[in-house]
Amino acid sequence: ASVLLLCFRTFLVTSLIFGLLLQPPLAQLSIVTQPNIVLLMADDLGIGDVSCYGNDTIRTPNIDRLAKEGVKLTQHIAAAPLCTPSRAAFLTGRYALRSGMDAVNNYRVIFWNGGSGGLPSNETTFAKILQQQGYRTGLIGKWHQGVNCESRNDHCHHPLNHGFDYFYGMPFTLISDCQPTETPEMDRAFRRKLWLSTQMIGLVTLTAALGRLTGLISVSWKTLACLAGFSLLFFMSWFSSYGFTRYWNCIMMRNHEVTEQPMVTDRTTFLILRESISFIERNKHKPFLLFLSFLHSHTPLLTTEKFLGRSSHGLYGDNVEEMDWMVGQVLDAVDKEGLKNTTLVYFTSDHGGWLERQEGKRQLGGWNGIYKGGKGMGGWEGGIRVPGILRWPGVLPAGTVVDEPTSLMDIYPTVVHLAGGVLPQDRVIDGRDLMPLLRGTVEHSEHEFLFHYCGIHLHAVRWHQKDSGAIWKAHYVTPVFDPPGAGACYGKGVCPCFGEGVTHHDPPLLFDLSRDPSEAKPLTADTEPLFDTVIKKIARAVEEHRRTLVPVPEQLSLYNIMWKPWLQPCCGTFPFCWCDKEDDN
């Protein structure tokens, strides 16, 4: 009997242990299972434009709902203050100069669909890793990472060559040139100089011809013919690109096919939203990654009639409120398919708001709250501090606020980890996995230092002194505001990174952002006992960081950003490039 009792007890214990092994804790189940991932990125949105970050006049209830149901990051930092380098860093988890996607000149973004620069094919995006892990990956909206390298259809920089299974949107970026009723925006100052030069050359040619006809000037007809030919060639050399910007840059693509050339802006918002919801519906039975890269809130601020005049901030406010509505539509689509608890949703902006973007008295750019500076400024907080919100019900604690330094580059290792992938081992990854910080299992961010670049020029460095809670920031270079004291470069349109438009500081300007987030009062050796210690510590970090940099081809060199007719995407026979396949459908 005792033997039977012993066997029975052994059986019960074994069964209990076996049952426990088959039933893992619920808290761990969500982490083991691959979640769907929805990444929402606004364009040029200032941190001060969102209600949950302090704006009390622009209504953003859907973005606010994300924050209420998830985690809000208050010190979320873009790796660059402009579109192309910031998005390159986001996609690769690496500072943009590591991939050659930051500029050595004043052309700091991809300028033409027909240029040869772009995200190199040897870079590994998070989309590529998730694709390998069985995810269905889609990019809807803005790309701005280049298209071709050597021929019109090689698509070496295209989203489908960087891990996305599906692409619908603009390979370039939205600009005012895309709206026929708006004042041209692209390279405006340079275009004026070209027009002036053309007129001067034409005037010289005309004067010489009249002088020859009246006998006042002794010049041969051959010389006049050469001069006239030169005038025509000079005009054609630039007008063939800038004169047709709307046709060359304002195009829509579906995968490798051009669907609208030029794009029909009246329906763009509807099509991008439709494509986003359709992607969710098509892929609800498998893990998916949707990167919805909004055209909002970049000029010309495409806004449907339903939202015009709704905000108290003019067209810009209307545009932000429409984008918030689109966020709500995407969240509703996730909920409708029963995917809310298995989907990580992330919302951010690629960099700060564009302070200088004005037309007359109309402010067409964003607001960066209490933070100094804006778009284009590599060091000041207003150019790089952006919204950062993540929601995953049941996994991330709702209503949480994290004040630690984080980066857009952190999304890379975070989603790779959640997908069960492995980070590339043959290169430096600058991002850090956010999940321990978001779930509250660690107190501090893994970032000790963050480096703030303007082009390839290091403008500032942030040091998170974790034992004291101080967040020191040293500025080596700052832009010269125009007019002085204005807080932006209104005379230039965007602040430069180098040359006469910047000031070099030795010793650096030092701030403690934990006490002075607006960077209003620089510290000195007289006012801060730790001044010398902090400056030396940051200088050593800069030296170590620079040892990790290796030379790479410059994707934004003058040659690469030039328009090349043989690289221009075209839906017809070049140069007769126009089509509307959406209307045909």
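The values are calculated or read from the model by the stated rules, or taken from the named source; none is laboratory data. Bear in mind the structure is a predicted one, so any value in this text is a computation, not a measurement. No Cβ is skipped: glycine too gets one built from the backbone with ideal geometry, and neighbour counts run over all protein chains shown. Note: accessible area is taken over every heavy atom of the protein model, side chains too, but ligands, DNA and RNA are not part of it. Shrake-Rupley method; radii C 1.70, N 1.55, O 1.52, S 1.80 Å.
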Original post:
In a Debye calculation with equal point scatterers on the alpha-carbon sites of the stretch 461-585 and no solvent, what is log10 I(q)/I(0) at q = 0.11, 0.16, 0.17, 0.21 Å⁻¹?
Top reply: -0.65, -0.96, -1.03, -1.27
**OP:** Specify which residue in the list L194, G229, L302 is farthest towards the positive end of the charge dipole of the chain, using unit charges on the beta carbon of Lys, Arg (+1) and Asp, Glu (-1), about the Cα centre.
**Re:** G229
Original post:
the stretch 124-251: percent of C-alpha pairs farther apart than 25 Å?
Top reply: 52
Original post:
DSSP beta bridges in the chain, what fraction antiparallel, as a percent rounded to 5?
Top reply: 55
Subject >> Pairs beyond 19 Å (Cα-Cα), from K375/K492; K286/K581; K372/K521 >> reply: K286/K581
Original post:
Using +1 on the beta carbon of Lys and Arg, -1 on that of Asp and Glu, and nothing else charged, what's the dipole of the chain about the Cα centre, debye to 20?
Top reply: 600
Original post:
Using 14 Å as the cut-off for backbone N distance, which residues of the stretch 39-74 belong to the label zone defined by a point 7 Å from the Cα of D403 along Cα→Cβ?
Top reply: 73-74
Subject >> Estimated D of the stretch 98-148 in µm² per second, where Rh is the Kirkwood radius over Cα pairs and Stokes-Einstein applies at 20 °C, 1.002 mPa s >> reply: 168
Original post:
How about K284: which lysines have a C-alpha closer than 16 Å to its C-alpha, ignoring those fewer than 8 places off in the same chain?
Top reply: K336, K340
Original post:
Can you work out the FRET efficiency for the pair D426 and Q199, with r the C-beta to C-beta distance and R0 = 56 Å, to the nearest 0.05?
Top reply: 0.55
**OP:** Work out Dmax and Rg for the stretch 188-243 from the C-alpha atoms and quote the Rg first, both in angstrom.
**Re:** 13.0, 40
Original post:
Amide H of I456: which non-local residues (sequence gap of 5 or more, or other chain) have their own amide H closer than 5 Å, using H built in the peptide plane?
Top reply: A103
**OP:** Could you please report the charge total around R254, scoring K, R as +1 and D, E as -1 over all other residues with beta-carbon less than 10 angstrom from its beta-carbon?
**Re:** -3
Subject >> Relative contact order of the stretch 100-232, pairs being alpha-carbon contacts under 8 Å that are 6 or more residues apart, as % >> reply: 18
Original post:
Using 1/(1 + (r/R0)^6) with R0 = 30 angstrom and r between the beta carbons of T57 and T304, what's the FRET efficiency to the nearest 0.05?
Top reply: 0.90
Original post:
At each listed q (0.28 Å⁻¹), what is the log10 of I(q)/I(0) that the Debye formula gives for the stretch 217-284 modelled as equal alpha-carbon point scatterers?
Top reply: -1.15
**OP:** Pull out a ≥ b ≥ c, the square roots of the eigenvalues of the alpha-carbon gyration tensor of the stretch 31-188, then state rounded if a/c is under 1.5, prolate if not and a/b is larger than b/c, and oblate in the remaining case.
**Re:** oblate
Subject >> the chain, accessible surface, carbon-and-sulfur percent (1.4 angstrom probe) >> reply: 60
**OP:** Can you run the Rg to Rh ratio on the chain? Use alpha carbon positions and the Kirkwood inverse-distance Rh.
**Re:** 1.05
Original post:
Averaged per residue, what accessible area in Å² does the stretch 188-243 show with a 1.4 Å probe, protein chains only?
Top reply: 70
Subject >> 3J(HN,Hα) from dihedral phi, the stretch 227-235, Karplus parametrisation 6.51/-1.76/1.60, rounded to Hz, x for glycine, proline >> reply: 5, 5, x, 5, 4, 5, 5, 4, 4
